[in-house]
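Chemist: Input: one structure, supplied below.
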Amino acid sequence: MSFFSRLTDIVTCNLTQVLSEESDPELAIGQIIGEIEDGLAGAERSVNTASASVERLRRELVEYTERIEHWDHQARQWVRKGDERQARLSLICRHEVEDLVAGLSQQLEAAEATREHMTTTLKALQARLAEAKRKKEQLEAGKPPDAPDDTPSEGGPVDALRAQRVEDDLEALKR
């Protein structure tokens with residue numbers, strides 16, 4: 001049985017409620033963890049794809065910006081030589097590339113927003129997976145699914161930024 005149809009279902013679910021409605025919560029939590037891990041793998045792929053798109057678009061923008069400078073330089077050269085026809089053609093090419101750069105700039109903004117969104121979703125999925133693993137530990141210890149989740153487990157996915165936030169919070173608590 002599939003518990004989730006979308007990543008947002010995983011992020012927004014109430015694990016305690018889902019487990020309390022199951023006849024075999026221990027079996028269900030195992031399946032839920034598997035589904036979350038699958039969703040996490042998909043989210044990681046999406047973040048990687050979005051990051052690659054951002055980098056590709058940035059490279060293209062640099063390349064086309066150089067082309068704008070090239071066509072501008074060409075137009076100036078033709079004007080100095082007195083060939084307005086060639087200067088116009090160079091300016092037409094420059095304007096076409098400028099239009100392309102404008103479109104690529106919008107695509108870059110969209111790709112960056114997608115990457116940010118997917119990164120946020122990825123972190124939420126990591127948090128949900130850590131919660132599910134804690135619930136599994138509780139169930140294995142014989143606690144009911146609705147027992148308070150008051151024992152954080154070690155070894156969950158913690159990135160450097162989150163680890164630093166935890167250390168900063170701990171220092172603040174000590175004060």
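Chemist: When all alpha-carbon pairs of segment 1-80 are counted, what percent fall beyond 14 Å?
Modeler: Working: 2344 of 3160 pairs.
More than 14 Å apart: 74 percent of the Cα pairs in segment 1-80.
Chemist: If you take every residue apart from I36 with its C-beta less than 14 Å away from the C-beta of I36, what net charge results, scoring Lys and Arg +1 and Asp and Glu -1?
Modeler: Its environment carries a net charge of +1.
Chemist: Could you tell me which residue out of Q77, Q138, T16 lies farthest along the dipole of the chain toward its positive end? Charges go on the beta carbon: Lys and Arg +1, Asp and Glu -1, centred on the Cα centre.
Modeler: Final value for the positive-end residue is Q77.
Chemist: Another question about this same structure. Under 10 °C and 1.306 mPa s, how fast does segment 26-175 diffuse according to Stokes-Einstein, given a Kirkwood radius computed over C-alpha pairs? Answer in µm²/s, whole number.
Modeler: So the translational diffusion coefficient is about 79 µm²/s.
Chemist: Now, a different point. Work out the FRET efficiency for S51 and E140 from their Cβ-Cβ distance, taking R0 = 41 Å, and round it to the nearest 0.05.
Modeler: With a Förster radius of 41 Å, E is 0.65.
Chemist: So how do 38-48, 53-63, 78-88 stack up, highest first, on mean other-Cβ count within 10 Å?
Modeler: 38-48, 53-63, 78-88
Chemist: How much length would be gained if the chain were fully extended between R162 and K81, taking 0.36 nm per residue of separation minus their Cα-Cα distance, in nm to one decimal?
Modeler: 23.0 nm
Chemist: Between segment 50-98 and segment 104-143, what is the C-alpha centre distance in whole Å?
Modeler: Cα centroid to Cα centroid, the span is 41 Å.
Chemist: Give me the dipole magnitude in Debye, nearest 20, for segment 1-145 about the Cα centre, with unit charges on the beta carbon: positive for Lys and Arg, negative for Asp and Glu.
Modeler: Computed charge dipole of segment 1-145: roughly 560 debye.
Chemist: Set the Förster radius R0 to 41 Å, insert the Cβ-Cβ distance between D169 and D99 as r into 1/(1 + (r/R0)^6), and round the FRET efficiency to 0.05.
Modeler: Numbers: r = 49 Å, r/R0 = 1.19.
Efficiency, from the Cβ-Cβ distance: 0.25.
Chemist: Using θ = phi - 60° and the Karplus form 6.51 cos²θ - 1.76 cosθ + 1.60, what ³J(HN,Hα) does each residue of segment 8-17 get, whole Hz, x for Gly and Pro?
Modeler: Whole-Hz 3J(HN,Hα) from phi for segment 8-17: 5, 5, 5, 5, 9, 6, 10, 4, 4, 5.
Chemist: Ok, one more. Heads up, I need the accessible area for D99: 1.4 angstrom probe, whole protein in place, Å², nearest 10.
Modeler: Ignoring ligands and nucleic acids, D99 comes out at about 110 Å².
The values are calculated or read from the model by the stated rules, or taken from the named source; none is laboratory data. These figures come from a predicted structure and were not determined experimentally. Reconstructed Cβ throughout: ideal geometry from the backbone, glycine too, with neighbour counts over all protein chains shown. Only protein heavy atoms, including side chains, enter the accessible area calculation; ligands, DNA and RNA are left aside. Shrake-Rupley method; radii C 1.70, N 1.55, O 1.52, S 1.80 Å.
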